[in-house]
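Colleague: Structure in structure tokens, see below.
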Amino acid sequence: MTDPARAAVEDPWPAPRARRPVEATVTLPGSKSLTNRALVLAAVADGPSVVRRALRSRDTSLMAAALTSLGAHVDTTGEDWRVTPGALAGDTGVDCGLAGTVMRFVPPVAGLSTGTVSFDGDPHMRKRPVGEVLGALRTLGIDVAGDALPFAVRGTGSVPGGTVVVDASASSQFISALLLAGARYERGVDVRHEGAPVPSLPHIDMTVTMLRQHGVEVDDADADRWTVAPGPIRAVDHLIEPDLSNAAPFLALAALSGGTVTVRDWPAHTTQAGDALRGILAAMGCEVSLHDAGLTVTGPDELQGVDLDLHDVGELAPAVAALCALATTPSHLRGIAHIRGHETDRLAALATELGRLGADVTEHPDGLELRPAPLHGGVFRTYADHRMAHAGVVVGAAVDGVLVEDVATTGKTFPDFAGFWAGLLG
């Protein structure tokens, strides 16, 4: 039988070229970040609820399976997923796959169970940081065996809670993980960050906003401190917004081809990091318009390079770096050392793979510098990272002969991305 991973390397996907200005209107799947937070809150709420237009992808399916194994019932048969909380009891195992939200958000829920919950995932997942979360859970009164995958949480049915200090400079998910189930702890949680600035703060804002929608009292008035009061988590239905970070490669098509792309249903107000694409693409010379139907981007005659601090929106770095490699002036992307701990070391991977296609790129400890250079075809490796695949197809839309290894990894957040992308480019 053929090894799928080996087949992906031996038969990489020919990225289609945009040979004329791309004119398209795109409807995106729902946000992974919103879907998985909504599922966790629904599983520990005080009654049944519905997650409408939930993203159906590997990460969200793993989250639904994890919460179901703990005792909640997550019905994923329809477009709207119905969640019924249940008794968190019994020994079970959780497959984290490559989903950081599963590895970090589910253990605080597992502490409320009355059994041993074992966690493991894909081989690369064992390299992703989770020790700060597990150490914090011990401080809050949860029995945890291990400091990295694989690890186990031994629940006793209740968690004392209280004050905990963490260094969340590697991931904002460390904070969100402790807040989501915190209201169910006897004393709630008082989470304090000590260390370098927390990256991706919009994701913490997203968590706080959703907690308040569920009637949870959250105090985030002080910098680097978040307090969740103990109490019930009210059952609330959520309508999931489109995944704005997944809009990056599609809007990039307009930017690199001089065409016009509209992403439907772009929210006027959102906590998603992907909303920063509006300012980033405008800085690169695009015309950007937010209107009732969505967000429309029209590309320029020549893409301009940018000097950007992407600390709060690091997940956009791969697609932005790909555009910078196509720009006519130099770029400097800064503040993103933390993306070395994502699905892969994204800074090293981007420097390597863009460089293999001819880009003039310098890797720095916290970012990348890119200077104009002629690009050529070749294999673009993805390292099982969906955002790396996005970068590869963006370059491939502007350069002949780009072959993207393991494009199927995009299924992490966008099922059948390759078919959808190829359809846009004919």
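Let's see how each residue does on (1) in a helix (DSSP H, G or I); (2) in contact (Cβ under 8 Å) with a residue 60 or more places away in the chain:
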site	(1), (2)
Gly392	yes, yes
Thr410	yes, no
Phe414	no, yes
Gly419	yes, no
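Colleague: Here's something else I'd like to know. Suppose we filter Gly314, Gly305, Gly355 for residues that are in the same structural domain as Asp416 (by TED's automatic domain parsing), on the phi < 0 side of the Ramachandran plot and surrounded by fewer than 18 Cβ atoms within 10 Å (Cβ to Cβ); which single one remains?
Modeller: Matching residue, one of Gly314, Gly305, Gly355: Gly355.
Colleague: Name the residues in segment 275-309 that are closer than 21 Å to Ala349 by Cβ and in contact (Cβ under 8 Å) with a residue 40 or more places away in the chain, would you?
Modeller: Matches in segment 275-309: Ile280, Gly305.
Colleague: Are any residues in segment 112-161 surrounded by 15 or more Cβ atoms within 10 Å (Cβ to Cβ), of a type in the set (Gly, Ala, Ser) and in a strand (DSSP E or B), and if so, which ones?
Modeller: Selection gives Ser118, Ala152.
Colleague: So, of the residues in segment 255-278 that are polar (S, T, N, Q) and within 15 Å of Ile240 (Cα to Cα), which turns out to be surrounded by the most Cβ atoms within 10 Å (Cβ to Cβ)?
Modeller: Out of the qualifying residues, it is Gln272.
Colleague: Across segment 279-291, which residue is farthest from the chain's Cα centre (by Cα) among those that are assigned to a helix (DSSP H, G or I) and surrounded by 19 or more Cβ atoms within 10 Å (Cβ to Cβ)?
Modeller: Ranking the candidates gives Leu281 first.
Colleague: OK, next. Mind listing whichever residues of segment 362-396 are surrounded by fewer than 24 Cβ atoms within 10 Å (Cβ to Cβ) and more than 29 Å from Arg104 (Cα to Cα)?
Modeller: Correct list: Thr362, Glu369, Arg371, Pro372, Ala373, Pro374, Leu375, His376, Gly377, Gly378, Val379.
Colleague: Could you look through segment 326-347, keep only residues that are over 19 Å from the mean Cα position of the chain (by Cα) and more than 13 Å from Asp307 (Cα to Cα), and pick out the one that is surrounded by the most Cβ atoms within 10 Å (Cβ to Cβ)?
Modeller: Selected residue: Leu326.
Colleague: Does segment 355-377 hold any residues that are assigned to a strand (DSSP E or B) and either touching a residue at least 12 places away in the same chain (Cβ under 8 Å) or over 23 Å from Glu302 (Cα atoms) (or both), and which are they?
Modeller: Asp360, Val361, Glu363, His364, Gly367, Leu368, Glu369, Leu370, Arg371
Colleague: From Val40, Val22, grab the single residue that is out of contact with any Asp or Glu (no Cβ under 6 Å at 6 or more places or on another chain), β-branched (Val, Ile, Thr), crowded, with 22+ Cβ neighbours inside 10 Å and under 27 Å from Phe174 (Cβ atoms).
Modeller: Just a single option satisfies the conditions, and that option is Val40.
Colleague: Follow-up. Does any residue in segment 212-223 that is modelled with pLDDT of 95 or more come within less than 8 Å, Cβ to Cβ, of a residue that is of a type in the set (Ser, Thr, Tyr) six or more places away or on a different chain, and which pairs are these?
Modeller: So the pair list comes out as Val218/Thr227; Asp219/Thr227; Asp220/Thr227.
Colleague: When segment 217-264 is examined, which residues are found to be among the aliphatic types (A, V, I, L, M), within 27 Å of Glu79 (Cα to Cα) and either over 22 Å from the mean Cα position of the chain (by Cα) or assigned to a helix (DSSP H, G or I) (or both)?
Modeller: Ile233, Ala235, Val236, Ala247, Ala248, Leu251, Val261
Colleague: Would you tally the residues in segment 64-94 being under 30 Å from Ala148 (Cα atoms) and either assigned to a helix (DSSP H, G or I) or of a type in the set (Gly, Ala, Ser) (or both)?
Modeller: So the answer is 14.
Colleague: Regarding Thr352, is this residue polar (S, T, N, Q), part of a strand (DSSP E or B) and over 17 Å from Ser257 (Cα atoms)?
Modeller: It is false that Thr352 is polar (S, T, N, Q), part of a strand (DSSP E or B) and over 17 Å from Ser257 (Cα atoms).
Colleague: While we're looking at this one, here's another question. Where the second residue is polar (S, T, N, Q) and not in a strand (DSSP E or B) and the first is modelled with pLDDT under 95 and lies in segment 81-96, which pairs have Cβ atoms under 6 Å and are six or more apart or on separate chains?
Modeller: Every condition considered, the pairs that remain are Leu88/Ser113; Ala89/Thr114.
Colleague: Another question, if that's okay. Can you tell which of Ala110, Ala99, Ala168, Ala152 is touching a strand residue (DSSP E or B) at 6+ places or on another chain (Cβ under 8 Å) and within 20 Å of Ile204 (Cα to Cα)?
Modeller: Unique residue meeting the criteria: Ala168.
The values are calculated or read from the model by the stated rules, or taken from the named source; none is laboratory data. Here the structure is a predicted model, which is why all the values come from computation and not from measurement. Cβ sites come from the backbone with ideal geometry, for glycine too, and all protein chains shown count toward neighbours.
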